[in-house]
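The values are calculated or read from the model by the stated rules, or taken from the named source; none is laboratory data. Note that the coordinates shown come from a computational prediction; the quantities given were computed from them, not determined experimentally. Neighbour counts are summed over all protein chains in view; Cβ atoms, including those assigned to glycine, are modelled from backbone coordinates with ideal geometry.
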Amino acid sequence: MNKPTSSVRTRIAAMAALAAAAQFAQPALAQAPTFAAIKQIDAGVLNVGYVDEGPANGPVVILLHGWPYDIHSYIDVVPLLTQAGYRVIVPHLRGYGSTRFLDANAVRNGEPAALAADVVALMDALKIDKAVLAGYDWGARTADIVAALWPQRVKGLVSVSGYLIGSQQAGKQPLPPAAELQWWYQFYFATERGQAGYEKNRHDFAKLIWQTASPQWRFDNATFDRSAASLENPDHVAITVHNYRWRLGLAAGEAKYADLEARLAQFPSITVPTITMEGDANGAPHPEPAAYAKRFTGKYKHQQLPGAIGHNLPQEAPAAFAHAVIEVGHL
């Protein structure tokens, strides 16, 4: 298989050093840097806001963010990939940023199959036949699902915390008390008080999740505020609450996704080349690598990152994440 050229490796090494230095710098900026342009396109049931940077004819990478974060998790990853020759797409997921439903009466559905179908619809709208998919948190789960159900569309997969495909039946099974405690917000969202509380305090809630999920990440207010603006999407709370209620079997999905969810409930193997990643300071609930390694039946490797890296791995370790994206494309 083709390997990165020495010049590409040199550029990546140099940019990695800059990215590493940036992680420790805390400039007194009134506003954190952001992406130069957000494009919009109708795709499936959504009008999607997305970043599209890099050469138009380059190999495509689609980067998927998690909850409660946004596209700026990849603010330092994107230039590393575009300078290595990749075309990089970073969409706002449903319920974030400038992404909106085309139908005002559409169900504000947060079930996993719906988010995965959104990615396939975006690829169709952009006329992208095949891409490397990479993500963390909800983004990793979404990328996993696309790789499992539409493998012909996925050149390679980078998934933080590995195999995250689940089902309502699995979600109904009780966990040990210490594990249940980690999911406190899921039970909070199961109540009307929880939904009202998240609506009222979404920024404070999100900052608490950031702090507990990445306990050693010293992000500044400007960095948080840049992403928190995306949570002002009018559909954000409804989609978040539906996602967690659906997992517990407390909310129904849409019939059009039932067949996909039935296939996912069988925990399908992922056959595309995959790199899974985990930070050494992930404070969010996550499976152990040994528990999911056998789910990946194609070319596969796992990377455990040192250095106090938490849940938002692409933003906390952008050079390592970008390198994994490049590497998986050559497995």
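Is there a residue being in a helix (DSSP H, G or I) and of a type outside the set (Asp, Glu) anywhere in the stretch 92-102? Within the stretch 92-102, not a single residue is in a helix (DSSP H, G or I) and of a type outside the set (Asp, Glu).
Give me a count of the residues in the stretch 149-169 that are surrounded by fewer than 24 Cβ atoms within 10 Å (Cβ to Cβ) and farther than 21 Å from HIS311 by Cβ. Total meeting the criteria: 9. Which one is nearest to the chain's Cα centre (by Cα), of the residues in the stretch 139-168 that are of a type in the set (Ser, Thr, Tyr), part of a loop (DSSP other than H, G, I, E, B) and at negative phi? Top of the filtered list is TYR163. Pull up the stretch 198-216, narrow it to residues that are touching a residue at least 24 places away in the same chain (Cβ under 8 Å) and under 18 Å from the mean Cα position of the chain (by Cα), then point me to the one that is surrounded by the fewest Cβ atoms within 10 Å (Cβ to Cβ). Only one residue tops the list, namely THR212. Selection within the stretch 31-42: residues that are touching a helix residue (DSSP H, G or I) at 6+ places or on another chain (Cβ under 7 Å) and at pLDDT below 95. The member of this set that is surrounded by the most Cβ atoms within 10 Å (Cβ to Cβ) is ALA32. For the residues TYR292, TYR300, the requirement of being farther than 17 Å from TYR74 by Cβ and touching a Phe, Trp or Tyr at 6+ places or on another chain (Cβ under 7 Å) singles out TYR292.
With respect to the stated conditions, GLN195 is in a helix (DSSP H, G or I), out of contact with any Leu (no Cβ under 9 Å at 6 or more places or on another chain) and touching a residue at least 40 places away in the same chain (Cβ under 8 Å). Which condition number in (1) exposed (fewer than 14 other Cβ atoms within 10 Å of the Cβ); (2) over 27 Å from GLN303 (Cβ atoms) is the one that TYR188 fails? For TYR188, the failing item is (1).
Take the residues in the stretch 242-267 that are in contact with a helix residue (DSSP H, G or I) (Cβ under 8 Å, 6 or more places away or on another chain) and acidic (Asp, Glu); name whichever of them is surrounded by the most Cβ atoms within 10 Å (Cβ to Cβ).
The residue in question is GLU261.
Picking from residues in the stretch 69-90 that are crowded, with 19+ Cβ neighbours inside 10 Å and more than 24 Å from ASP220 (Cα to Cα), the one that is farthest from the chain's Cα centre (by Cα) is ALA84.
Tell me, please, whether a residue that is among the polar types (S, T, N, Q) and within 26 Å of GLN168 (Cα to Cα) can be found in the stretch 71-82. Checking the stretch 71-82: not a single residue is among the polar types (S, T, N, Q) and within 26 Å of GLN168 (Cα to Cα). All but one of (1) on the phi > 0 side of the Ramachandran plot; (2) touching a Lys or Arg at 6+ places or on another chain (Cβ under 6 Å) hold for GLY85; which doesn't? Evaluating GLY85 over (1) on the phi > 0 side of the Ramachandran plot; (2) touching a Lys or Arg at 6+ places or on another chain (Cβ under 6 Å) leaves (2) as the failure. Taking each residue of the stretch 134-150 that is under 13 Å from LEU93 (Cα atoms) and looking for partners that are buried (at least 24 other Cβ atoms within 10 Å of the Cβ) and modelled with pLDDT under 95 with beta-carbon atoms closer than 6 Å, six or more apart or interchain, yields nothing. Is the stretch 162-175 home to any residue that is out of contact with any helix residue (DSSP H, G or I) (no Cβ under 8 Å at 6 or more places or on another chain) and over 23 Å from TYR257 (Cβ atoms)? Within the stretch 162-175 (the criterion being out of contact with any helix residue (DSSP H, G or I) (no Cβ under 8 Å at 6 or more places or on another chain) and over 23 Å from TYR257 (Cβ atoms)), the answer is yes, since at least one residue qualifies.
Give the residue that is surrounded by the fewest Cβ atoms within 10 Å (Cβ to Cβ), with candidates limited to residues of the stretch 295-315 that are of a type in the set (D, E, K, R) and not in a loop (DSSP other than H, G, I, E, B).
LYS301
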